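Undergrad: Mind having a look at this structure? Questions to follow.
The values are calculated or read from the model by the stated rules, or taken from the named source; none is laboratory data. Note that the structure is predicted; figures quoted are calculated from it, not measured. Methodologically, a virtual Cβ is constructed for each residue, glycine included, from the backbone with ideal geometry; neighbour enumeration extends over all protein chains shown. Surface accessibility is based on the protein's heavy atoms, side chains included, excluding ligands, DNA and RNA. Shrake-Rupley method; radii C 1.70, N 1.55, O 1.52, S 1.80 Å.
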Amino acid sequence: MFSGLITSWQALVLVVISTLGIYVAMIIFSRVAGLRSFSQMTNFDFAATVAFGSIMATTAVSSGVSLLQGIIALGMLFAAQTSIAALRKLGSFERLADNRPLLLMDGREELSRNLEHAQMTRDDLYSKLRLAGVTHLDQVQAVVLETTGEVSVLTVDPNGHPLENRMLSSVETSPESPRHAPPDPPNRNSSGQRDA
């Protein structure tokens, strides 16, 4: 009945060595790769962070995975993440590889199509607003679902400064959003000439 709780001292020593070894390897690789390794700025970074934890845990406690195998797996994952980060500097690769952030609210207006596309409910949205300290909708300038799955709530500037367009330049809007509307055509007078 308790046989699963009993193990040999050799197995325990192996767990200690594997845990320390893979932990040291993680520190070394993260120092070489830089601060971005755990930034979770993109969906790739988020997936890599989850994979790092999985590799470390498996290497530490699984007798079927050697310490050397775990270190090699970590090294390959760091190398892949670094390569993808370098390739993302090419605009074409970034557009191909990355999800685009999605606008969920434009001011007070909820964008129902984008909420449906994000598989979020209105309750999910309002939960994020509460967590951001929003007490009334007039405080909201925009709500964005980021590529990592996090929700950013941009609130009204207390000094009255408007939201700069470049803050949402990479964000996917919606036909429901005023930001999606085409620019107004130039005014013309009765003779068909453009006003100065």
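Undergrad: Ordering F29, F38, F78 from largest to smallest accessible area (1.4 angstrom probe), what's the sequence?
TA: My answer, sorted largest first, is F38, F29, F78.
Undergrad: If you don't mind, another one. Spin-label point model (7 Å from Cα, Cβ direction): what's the S8 to D138 distance in nm?
TA: Taking the two extended label points, one gets 7.4 nm.
Undergrad: For the stretch 122-154 and the stretch 7-81, compute the distance between their C-alpha centroids and round to whole Å.
TA: 34
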